[in-house]
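For reference, the structure is listed below as structure tokens.
The values are calculated or read from the model by the stated rules, or taken from the named source; none is laboratory data. None of the values given here were measured: they were computed from a predicted structure. Here the Cβ positions follow ideal geometry from the backbone for every residue, glycine too, while neighbour counts run over all protein chains shown.
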Amino acid sequence: MHDPDLLSRYNYDEFVPAKFGPWQRFHESPPLGERSPDFPLWDLAAKETSLSEELSNHAFTIVEFGSFT
Amino acid sequence: MNAIAEQFADKDIGSIFLYTNEAHPAEYYPHLTSMEQKLRHARDMRDVLGVARPILVDALDGPCHRSYGSMPNMSWIFDRSGVPVYKSDWTDSYSIANAIEYFVGTIKRRRAGERIVPFHVERLDYRTKDEFAFYDGLERNGPKAVREFREAFGGPK
């Protein structure tokens with residue numbers, strides 16, 4: 001079950017520092033060299049996969065995070 | 001980034017785009033409220049920007065994105081077992097290409113019988129800053145995106 005407050009804060013509705021600033025947490029991201037958390041993901045046909053499943057397909061995988069906007 | 005994915009595809013290098021929250025929501029592409037909308041925005045991005053890499057979508061509340069630092073356009077490189085070997089708070093094709101060349105080299109060194117072990121290195125890379133192209137992208141989202149970014153950081157127009 002999604003937390004409605006988290007949903008609205010993460011999917012902020014306007015680009016103002018008070019709303020986007022709290023999400024810029026790169027300094028808190030997982031360290032290199034240690035196995036990192038796995039998460040479910042979905043392809044564009046809404047078929048579920050996972051980060052670990054995708055990473056297992058290649059010696060190395062580049063993951064670019066982003067959005068249309 | 002598409003070109004890098006193609007260039008290294010035959011060297012056992014994968015490349016994916018992981019769709020997150022909307023960084024600059026506006027009139028034409030507002031903030032996300034459902035997975036259906038998120039998938040629709042991701043398909044539009046693929047079609048308009050020509051993203052040829054597989055696109056995978058995070059859950060609506062962004063647990064994967066948030067866990068990895070939730071920057072709007074960061075890049076990571078992972079090995080097959082899920083261990084991150086490179087992370088960058090911004091995506092720059094020169095930096096990625098440079099890093100992946102190095103990691104392809106480690107595959108070759110291991111295959112040649114060299115015993116190698118990891119170590120940590122820090123480096124400051126340099127990305128292209130094209131404000132006009134960036135503002136063109138904001139205009140695609142809608143006037144609200146341009147106005148809000150200009151209010152937050154100023155701009156060339």
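Within the range A:52-69, restricting attention to residues that are of a type outside the set (Ser, Thr, Tyr) and touching a His at 6+ places or on another chain (Cβ under 8 Å), which residue is farthest from B:THR106 (Cα to Cα)?
The residue in question is A:PHE68.
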Q. On the given criteria, is B:SER93 crowded, with 20+ Cβ neighbours inside 10 Å, of a type in the set (S, T, N, Q) and touching a helix residue (DSSP H, G or I) at 6+ places or on another chain (Cβ under 9 Å)?
A. no
(Q) Against the condition touching a Lys or Arg at 6+ places or on another chain (Cβ under 7 Å), surrounded by 12 or more Cβ atoms within 10 Å (Cβ to Cβ) and part of a helix (DSSP H, G or I), how does B:VAL146 come out, does it pass? (A) no
(Q) Would you confirm, using the coordinates I've provided, whether B:ASN21 is polar (S, T, N, Q), within 7 Å of another protein chain (Cβ to nearest Cβ) and surrounded by 19 or more Cβ atoms within 10 Å (Cβ to Cβ)? (A) yes
Q.
Please verify whether B:ASP79 is of a type in the set (Asp, Glu) and surrounded by fewer than 18 Cβ atoms within 10 Å (Cβ to Cβ), treating the condition exactly as stated.
A. no
Q: Among the residues of the range A:7-43, count how many are within 21 Å of B:ILE77 (Cβ to Cβ), polar (S, T, N, Q) and surrounded by fewer than 17 Cβ atoms within 10 Å (Cβ to Cβ).
A: 1
Q. Is there a residue being at the interface with chain A (Cβ under 7 Å from one of its Cβ atoms) and within 13 Å of the chain's Cα centre (by Cα) anywhere in the range B:99-107?
A. no
Q: Would you mind telling me which numbered condition in (1) under 23 Å from B:HIS120 (Cα atoms); (2) in contact with a strand residue (DSSP E or B) (Cβ under 6 Å, 6 or more places away or on another chain); (3) more than 7 Å from every other protein chain (Cβ to nearest Cβ) B:ARG53 fails?
A: (1)
Q. Within the range B:135-148, is there a residue that is farther than 21 Å from B:LEU49 by Cα and not basic (Lys, Arg)?
A. yes
Q. Do we find a residue being over 25 Å from A:ASP13 (Cα atoms), assigned to a loop (DSSP other than H, G, I, E, B) and at pLDDT below 95 anywhere in the range B:1-8?
A. yes
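Being touching a Lys or Arg at 6+ places or on another chain (Cβ under 7 Å) and among the small types (Gly, Ala, Ser) narrows it down to one of A:SER67, A:SER56, so name that one.
The conditions single out A:SER56.
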